[in-house]
Amino acid sequence: MDFFAQQWASYRAVVEHDLMEHQAVAAATAAALEGWLTAREAGALAPRMVDLGCGDLALLAPLLRRLPLGAYTGLDLTAQVLPLAQQALGDVPYPCQWIEGDLLRWANEASDNGEEPVDILHSAFAIHHLSDREKHTLLESLRSRIAPGGLFIWVDVFREAGESRDAYVQRYLQRIAAGWPQLSPEQRDHVSQHLATYDNPADRSAIEAAAKAAGWHWRWAWTGAHRAEAMAVLTPA
Ligand SMILES: C[S@@+](CC[C@H](N)C(=O)[O-])C[C@H]1O[C@@H](n2cnc3c(N)ncnc32)[C@H](O)[C@@H]1O
């Protein structure tokens, strides 16, 4: 197995054993999207959705297949996941676009180019790789990309208010070591190394304040059992 396949197989095992509560995330995402769709004005155009860090769509595909979308764009930094996502989604009655790219660059470039606003932005477990400054820039850029009345669903890991990155990483590593026996030692190692090297979750309270300053209304729509995984629903203020 090459490096990507090893890392992705470890992530798949985490999802399959529901170690990061992906089942609850999927249910909360469906509730947020379906509630928003129901509340839209009759006769509104079918919404365009962009998924930042779409991954292989293993979890989101069943929901995407039943949503009355006007278009879907899946964007991911890792080229290898895009054909997996396309295959998981299968045939849908709306146009799909697959972009290999960086989500922050997409947000910045799209707002510069005056592209059509997006009705639904979605990102799950991807933004925590950005630095705090990059997250703030992203929130500002996405604010100029969202259509009036649009919806941004941000699922991710977050730090407790006032918690340091080190303290967060240490408690997450302990959680993996003590509570993830379904993974092989090698898989636990992959996840732990990735987390310790790349993860930079936002502080819950600081990011909420930054989002509000960037013109978003913020609502915590779901919080997992481990003081880390959560879903925020952002709408233009
Ligand atoms: C943990 S996976 C989550 C995949 C999927 N959203 C899910 O919830 O199962 C994170 C995904 O985000 C992508 N990613 C990470 N940083 C990114 C960036 N800066 N721009 C675009 N994609 C990124 C990774 O390649 C990976 O596919």
* **Degrees separating the helix 103-112 axis from the principal Cα axis of the chain, which is the longest one** => 20 degrees
* Asked: Solvent-accessible area per residue for the chain at a 1.4 Å probe radius, Å²?
  -> 47 Å²
* Asked: Based solely on its DSSP helices, what 222 nm [θ] is calculated for the chain when runs of n ≥ 4 H residues each add -39,500 (n - 2.57) and the sum is averaged over all residues, nearest 500 deg cm²/dmol?
  -> -14500 deg cm²/dmol
* To do: Report, for the stretch 121-237, the % of DSSP beta bridges that are antiparallel, rounded to 5.
  => 70 percent
* Structure fact -> By the Cα gyration tensor axes a ≥ b ≥ c (a/c under 1.5 gives rounded; else a/b larger than b/c gives prolate, otherwise oblate), the shape of the stretch 113-237 is prolate
* Find the relative contact order for the chain and round it to a whole percent, using C-alpha pairs within less than 8 Å whose residues are 6+ positions apart. => 21 percent
* Asked: How large is ³J(HN,Hα), in whole Hz, for each residue of the stretch 118-128 in order, when computed from phi with the Karplus curve 6.51 cos²θ - 1.76 cosθ + 1.60 and θ = phi - 60°, using x for Gly and Pro?
  -> 9, 7, 10, 9, 9, 8, 10, 6, 10, 6, 5
* Summarise the accessible area of the chain (1.4 Å probe, protein heavy atoms) by the percent that is carbon and sulfur. => 52 percent
* Asked: So for the chain: antiparallel DSSP bridges make up what percent, rounded to the nearest 5?
  -> 40 percent
* Compute the relative contact order of the stretch 1-75 as a whole-number percentage, counting only Cα pairs closer than 8 Å that sit 6 or more residues apart in sequence. => 30 percent
* Asked: Where does helix 22-39 land angle-wise versus the long Cα axis of the chain, in degrees 0 to 90, nearest 10?
  -> 10 degrees
* Cα-centre dipole for the chain with unit charges at Cβ (Lys and Arg positive, Asp and Glu negative), debye to 20 -> 520 debye
* Hey, quick one: spin label on Arg165, modelled 7 Å out along Cα-Cβ, who in the stretch 129-144 has an amide N within reach, i.e. under 14 Å? -> 129-136
* Structure fact -> For the stretch 118-224 the mean separation of alpha carbon contacts under 8 Å (6+ apart) over residue count, i.e. relative contact order in percent, is 38 percent
* Asked: Cα gyration tensor of the stretch 20-60, axes a ≥ b ≥ c as square roots of the eigenvalues: rounded (a/c below 1.5), prolate (a/b > b/c) or oblate?
  -> oblate
* **Pairs of Cα atoms farther than 32 Å apart, the chain, %** => 16 percent
* Integer Hz, Karplus 6.51/-1.76/1.60 couplings in order for the stretch 196-211, x for Gly and Pro -> 5, 8, 10, 6, 9, x, 6, 6, 3, 6, 5, 6, 5, 5, 5, 5
* Cα axis of helix 3-16 to longest principal axis of the chain: angle in degrees, 0 to 90, nearest 10? -> 80 degrees
* Quick one: Karplus J couplings for the stretch 74-85, per residue in order, coefficients 6.51, -1.76, 1.60, θ = phi - 60°, nearest Hz, x for Gly and Pro? -> x, 10, 8, 5, 9, 4, 4, 7, 5, x, 5, 5
* Asked: Going highest first, how would you order 78-85, 155-162 by mean Cβ packing within 10 Å?
  -> 155-162, 78-85
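The values are calculated or read from the model by the stated rules, or taken from the named source; none is laboratory data. The structure presented is a predicted model; accordingly, all values stated were derived computationally and were not measured. No Cβ is skipped: glycine too gets one built from the backbone with ideal geometry, and neighbour counts run over all protein chains shown. We work out accessible area using only protein heavy atoms, side chains counted, and drop any ligands, DNA or RNA first. Shrake-Rupley method; radii C 1.70, N 1.55, O 1.52, S 1.80 Å.
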